[in-house]
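To keep things clear, I will list the structure first and then write my remarks on it.
Read-outs: derived from the displayed coordinates by stated rules, not from any lab. Not measured: the values here are computed from a predicted model. Here the Cβ positions follow ideal geometry from the backbone for every residue, glycine too, while neighbour counts run over all protein chains shown.
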Amino acid sequence: MRRHRTTARGVLLVAATVGLVVASATAYGAKGAPPQHIIFPVVGKVQYVDDFGAPRGTGVHQGNDLISKKRSPAVAAESGKVKYWTTSATAGCMLYLYGDSGTTYIYIHLNNDLTLKNDNRGKCVKGVAYAVNNGAKVAAGQQIGYV
């Protein structure tokens, strides 16, 4: 049985998709091996299902959906550099974390609400969706965004 997914799960929960994009062996070739240790990207109680590769529309899902309380801290899976990406109509507020190992992490469906309701009145800016400046160098485990 296939479940229908939405980006909002009740008043206090939202979907945070963290796509771990291991961009092929060539990405590692430039920097070396994959990271020795990856930090779980959400602090707090989280629900998730390993649905990487599951059918989605005309393609396959390229991430895992993590469901957590609204405004839970999203943290850097490894040290690296953050780049905002806010132009997705379907994924909302997003950012890339370019890990020092050469791994790219995509944080999708970050917070865009100004209240604990799904008001969608916020913007993809620091303090609403992001916890650091665009282009910031971050440490592993440092808060970089808000679920």
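A few remarks follow.
- Chain lengthening between V49 and N120 when straightened (0.36 nm per residue, less Cα-Cα): 23.0 nm
- The lysines whose alpha-carbon is closer than 18 Å to the alpha-carbon of K69, local same-chain residues fewer than 8 away aside, are K45, K117.
- Sorted on the mean count of surrounding Cβ atoms within 10 Å across their residues, most packed first, peptides 109-118, 64-73 read 64-73, 109-118.
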